[in-house]
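The values are calculated or read from the model by the stated rules, or taken from the named source; none is laboratory data. Keep in mind that what you see is a predicted model, and the values were worked out from it rather than measured. When we count neighbours, we look across all protein chains shown, and the Cβ atoms used for this are built from the backbone with ideal geometry, even at glycine.
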């Protein structure tokens, strides 16, 4: 994972406990990715809801497929962005 180190929380040769924070990366870019992904998901959900409403008057259910896939793609993108944000804090494993 690429990033800029914001702070180093341990000293050289310091003993570590499991779960202790060692390094924190700058989270600005990652938080921005999460914020954008949330907004894009809201837009995709809104578009899907509109398409769903229109499908009551238009029997062509194929029109729902693309907006539904866009919502699922954006949910995956948001989950991935959250995962990267969590990884910005590096902790000791053992």
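Across the stretch 1-19, what is the total count of residues that are in a loop (DSSP other than H, G, I, E, B), more than 9 Å from residue 88 (Cα to Cα) and touching a strand residue (DSSP E or B) at 6+ places or on another chain (Cβ under 6 Å)?
Residues flagged as in a loop (DSSP other than H, G, I, E, B), more than 9 Å from residue 88 (Cα to Cα) and touching a strand residue (DSSP E or B) at 6+ places or on another chain (Cβ under 6 Å) within the stretch 1-19 amount to 3.
Among (1) exposed (fewer than 13 other Cβ atoms within 10 Å of the Cβ); (2) assigned to a helix (DSSP H, G or I); (3) touching a residue at least 24 places away in the same chain (Cβ under 8 Å), where does residue 71 come up short?
(1)
In the stretch 20-33, what residues are outside any loop (DSSP other than H, G, I, E, B) and in contact (Cβ under 8 Å) with a residue 60 or more places away in the chain?
Selection gives 21, 22, 23, 24, 25.
Here are some residues: 94, 74, 52, 83. Which one is modelled with pLDDT under 90 and closer than 24 Å to residue 3 by Cα?
Residue meeting the stated conditions: 94.
For residues that are surrounded by 10 or more Cβ atoms within 10 Å (Cβ to Cβ) and in contact (Cβ under 8 Å) with a residue 40 or more places away in the chain, tally how many sit in the stretch 2-19.
The total comes to 2.
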